[in-house]
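For reference, the structure is listed below as structure tokens.
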Amino acid sequence: LRVPVQADFDAGWAELHGDATSMRWLGGAMLRPIAWRSLAQVVGSWGLRGFGPFSVIETETGRWIGRVGPWEPEGWPAPEVGWMLHRAAEGRGYATEAAEACLNFVFQDLGWSRVTHMIHPENLGSQAVAKRLGGRLLEEVRLPAPFDDHPTGMWGQSAAEWRAARGLTA
């Protein structure tokens, strides 16, 4: 995991964000200029908030395979750790592994008391990842526009629950 950089855009960011299947739960495929703005938004989050989604780099190949990490844009219902991987990287455990590292980061380094995962009700793959992380469905929420066209499942857990499940102390 590392902070995203401009080179990530052509290394896979634009392709992932332009893929209708990958983006079906996240508002649909983005045109290249919009995908670039989404990269700028993620990079800007690091400067504005001191955190943001990380780029996920596959260790064996060095290729960019997705983004995973903490996120709380204006109007979001709660602090989130989210994940989004290139289709070629799905089903290999990368989302769970990267999200677990990010949960450690937000609880230990950022001091969050809880974490959530905003998941489309039909996105069974992400629900399975949330469950593997120890999360549970907390409530149905509405995200801010332009994602407000349907209820979204807010999954998550407290820092105390995370630590207890792993035998960690505060």
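The values are calculated or read from the model by the stated rules, or taken from the named source; none is laboratory data. Since the model is a prediction, treat every value here as computed from it, not as a measurement. Cβ sites come from the backbone with ideal geometry, for glycine too, and all protein chains shown count toward neighbours. Surface accessibility is based on the protein's heavy atoms, side chains included, excluding ligands, DNA and RNA. Shrake-Rupley method; radii C 1.70, N 1.55, O 1.52, S 1.80 Å.
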Mean residue ellipticity at 222 nm from the helices of the chain, using -39,500 (n - 2.57) per DSSP H segment of n ≥ 4 over the full residue count, to the nearest 500 deg cm²/dmol? -9000 deg cm²/dmol
What accessible area, in Å² to the nearest ten, does a 1.4 Å probe give for residue 119? 10 Å²
To the nearest 10 square angstrom, how much accessible area does residue 48 have with a 1.4 angstrom probe? 150 Å²
Most mobile of 78, 29, 160 per a Gaussian network model of the chain (Cα springs, under 10 Å)? 160
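With all protein chains present and a 1.4 Å probe, how do 58, 97, 74 order by accessible area, largest first? Don't skip to the end; give the middle numbers.
Values: 58 10, 97 125, 74 165 Å².
Per-residue accessible area, sorted high to low, gives 74, 97, 58.
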Sort 55, 113 by accessible area with a 1.4 Å probe, largest first. 113, 55
Any idea of residue 72's accessible area? Nearest 10 Å², probe 1.4 Å. 50 Å²
Averaging sequence separations of C-alpha pairs under 8 Å and six or more residues apart, then dividing by the length of region 43-170, give the relative contact order as a whole percent. 18 percent
Could you give the nm distance between label points at residue 11 and residue 24, where each point is 7 Å from its Cα heading toward the beta carbon? 2.8 nm
Percent carbon-and-sulfur accessible area, region 44-170, ignoring ligands, DNA and RNA, probe 1.4 Å: 51 percent
Options 145, 45, 17, ranked by Cα towards positive dipole end of the chain, top entry (Cβ charges): 45
Using only Cα atoms, find the angle between the long axis of helix 32-49 and the longest principal axis of the chain, and express it within 0 to 90 degrees, rounded to the nearest 10. 40 degrees
